[in-house]
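The values are calculated or read from the model by the stated rules, or taken from the named source; none is laboratory data. All values derive from a computational prediction rather than experimental measurement. Quick reminder, even Gly has a Cβ in these numbers, built from the backbone with ideal geometry, and neighbours come from all protein chains shown.
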């Protein structure tokens, strides 16, 4: 594989192998409608250098402040984090640690979304972690939010009012219901169609839900910790412009290849409307 060392621009994708602050400094203010990312959790994964928690928070503060500079006045920041685990096994919820940074930057939290998944590490001294948190912030009260593109099937789609002035009419939205703030989406493990060499890869469908609800076609989406490019894929797949950067050359090269595969029609992604596999149902419920 040819490693990505130079800026990659292909139709609606702008990708570079570069430090995120350096990449961001070259972008104009208020140019991004959605900034969505999952930064390292400072737990010693292969793509991160472990540091003390104070140093980690200081670095996150610089990236968050620069993200706020880049954010459109009607835009959103979605910062997806899990837990930092100290060397002596204490759990530190990163959303709680980082919240004050966003607040001091003048942002308002709109949701604390719980992403639930069934597979992960099996812990022996505590309950196994099976969720992470997406903190959704906006700059102000006038922000983009489109519910209809991300509605999910209603539990009782044919339910009607049985009394009152609307008797006989549907009591639910025919397009479906609000997905709520707990999202059950499979994480990218070995049997997932999107799996690459990255150990903690964003599911494209998770980012798609954010892209479709918080941006319009043609607007810019940026991931400052891009990894193998799932956020960029989610953006260009839905006719947005995807920006991303990462310092790991091999990940950036994979991101470039995935973009090429998307345009050639060969990239496989898990559809947003595909039910979660249930082994107790015929054919897993599919």
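Of all residues in the stretch 97-106, none satisfies the criterion of being touching a helix residue (DSSP H, G or I) at 6+ places or on another chain (Cβ under 6 Å) and surrounded by fewer than 17 Cβ atoms within 10 Å (Cβ to Cβ). Scanning the stretch 57-96 for residues that are surrounded by 18 or more Cβ atoms within 10 Å (Cβ to Cβ) and assigned to a loop (DSSP other than H, G, I, E, B) gives a single hit, 82.
What about residue 113, is it in contact (Cβ under 8 Å) with a residue 24 or more places away in the chain, part of a helix (DSSP H, G or I) and buried (at least 17 other Cβ atoms within 10 Å of the Cβ)?
no
Residue 114 passes every criterion in (1) more than 23 Å from residue 70 (Cα to Cα); (2) at pLDDT 85 or above; (3) over 14 Å from the mean Cα position of the chain (by Cα) apart from (3). Among the conditions (1) over 13 Å from the mean Cα position of the chain (by Cα); (2) in contact (Cβ under 8 Å) with a residue 12 or more places away in the chain; (3) within 30 Å of residue 106 (Cα to Cα); (4) assigned to a loop (DSSP other than H, G, I, E, B), the only one that residue 180 does not satisfy is (2).
All of 143, 161 fail the test of being surrounded by 12 or more Cβ atoms within 10 Å (Cβ to Cβ) and either without any contact (Cβ under 8 Å) to a residue 24 or more places away in the chain or farther than 28 Å from residue 74 by Cα (or both), apart from 161. Put simply, of 106, 120 the only residue that is in a loop (DSSP other than H, G, I, E, B), over 16 Å from residue 38 (Cα atoms) and at pLDDT 90 or above is 106.
Checking the stated criteria, residue 101 turns out not to satisfy the condition of being over 20 Å from residue 219 (Cβ atoms) and in contact with a strand residue (DSSP E or B) (Cβ under 9 Å, 6 or more places away or on another chain).
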